[in-house]
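K.L.:
One structure coming up, written as structure tokens, with questions to follow.
Bear in mind these aren't lab numbers, they're just calculated from the coordinates by the rules spelled out. A quick note: this is a predicted structure, and the numbers were derived from the prediction, not measured. Cβ placement follows ideal geometry from the backbone for every residue including glycine, while neighbour counts extend to all protein chains displayed.
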Amino acid sequence: MDENQSAISKPKACIIGYPAKHSLSPILHRYWINQYRLNADYRVEEVESENIFEFINNLSKKGYIGANVTMPHKDIAFQISRPDAHAIAVRASNTLWFENNILRSTNTDTEGFLNAIDAVFPNWDHHVKEAIVLGAGGAARAIIYGLVERGITRINVVNRTLHKATDLRVRFGCSIIPHSWDALPNLIESAKLLVNATSLGMQGKKPLDIDTKLLSDDSIVCDIVYSPLNTTLLADAKARNLVVLNGLDMLLNQAVRGFELWFGIRPKITQELYETLVAHIVNAEMADNYYRPI
Ligand code: ATR
């Protein structure tokens with residue numbers, strides 16, 4: 001096979017988003033491609049909303065065996081593919097692949113969160129009866145679905161726009177208790193798990209103003225933000241020796257399933273990969289780049 005033929009037949013996946021060029025996904029998927037010595041590729045496709053329908057419908061013709069989907073296209077990816085149970089529960093798709101020539105989709109954010117928390121605190125779900133999730137957007141939905149699946153009986157969803165939290169109770173059931181932001185100080189003491197699933201605390205966004213001193217000594221604190229990696233929330237929690245989980249832990253874990261679906265290998269998250277991504281985040285912060293999730 002000559003070089004051109006090899007390039008044509010090379011299986012390739014991509015990240016579709018707008019913007020997408022600062023995504024960490026190419027770094028981590030290309031790392032795994034090299035690690036497993038695959039003759040494959042992972043590219044960035046910045047696609048504006050007006051072209052997204054045509055792009056996803058022609059994914060295979062464009063030579064892709066699958067894709068990650070990021071903001072703002074997770075809803076359309078859900079609508080124009082055949083979603084699995086995870087995507088249906090969250091009503092958004094972040095991973096596309098072909099099964100018997102049918103475009104399938106899933107949402108791997110839930111398993112990204114659950115696998116990451118299982119790794120730092122095995123059996124955390126026996127310990128946590130009550131949780132607080134800050135936010136009611138796409139990321140929060142995936143996390144809340146994971147908490148419901150693990151049987152957490154009281155999930156306090158705190159959101160600036162209250163009706164979005166209330167909608168989640170309709171979707172996920174009566175373990176969801178919607179609150180507006182001013183209820184937070186009264187909720188913190190009894191929750192053993194706090195998850196920030198808003199963009200507050202992200203580089204360039206408003207800070208997250210929360211009094212971590214009110215958390216009990218055996219609570220777990222998670223932040224989906226990974227730029228900066230050590231958010232003020234996590235730094236405060238670490239200073240109190242609480243178990244913490246950062247946005248990179250969740251990002252890495254959500255990427256595993258897509259790679260497996262496309263290339264047939266369940267990739268390992270190694271310390272070296274983790275450090276490679278940390279170096280990129282730190283460099284990007286210094287260069288003032290803004291990373292979007294996945
Ligand atoms: P994603 O898909 O990443 O979750 P999203 O759907 O836009 O993104 O959700 C962002 C979340 O951050 C929402 O819960 C949003 O609150 P609203 O539903 O009220 O918009 C929350 N958020 C963003 N900026 C915020 C701010 N300045 N104060 C409080 N919450 C904020």
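K.L.:
Looking at region 29-54, which of its residues are assigned to a loop (DSSP other than H, G, I, E, B) and over 21 Å from Leu277 (Cβ atoms)?
P.N.:
Selection gives Asn39, Val47, Glu48.
K.L.:
What tally of residues in region 66-85 results from selecting those that are in a strand (DSSP E or B) and surrounded by fewer than 18 Cβ atoms within 10 Å (Cβ to Cβ)?
P.N.:
1
K.L.:
Moving on. I'm checking my understanding of the structure. Among residues of region 22-59 that are over 21 Å from Ser93 (Cβ atoms) and without any contact (Cβ under 8 Å) to a residue 40 or more places away in the chain, which one is surrounded by the most Cβ atoms within 10 Å (Cβ to Cβ)?
P.N.:
The selected residue is Asp41.
K.L.:
Tell me, which strands (runs of 3 or more DSSP E) wholly within region 86-165 include 2 or more residues that are within 19 Å of Met250 (Cβ to Cβ) and β-branched (Val, Ile, Thr)?
P.N.:
Correct list: 130-134, 154-158.
K.L.:
In the list Ala119, Ala136, Ala89, which residue meets the criterion of being aliphatic (A, V, I, L, M) and buried (at least 21 other Cβ atoms within 10 Å of the Cβ)?
P.N.:
It is Ala136.
K.L.:
Could you grab the pairs with beta carbons closer than 7 Å, sequence gap of 6+ or different chains, first residue in region 221-245 and of a type in the set (Ser, Thr, Tyr), second one surrounded by fewer than 17 Cβ atoms within 10 Å (Cβ to Cβ) and not in a loop (DSSP other than H, G, I, E, B)?
P.N.:
Ser227/Ala284; Ser227/Glu285
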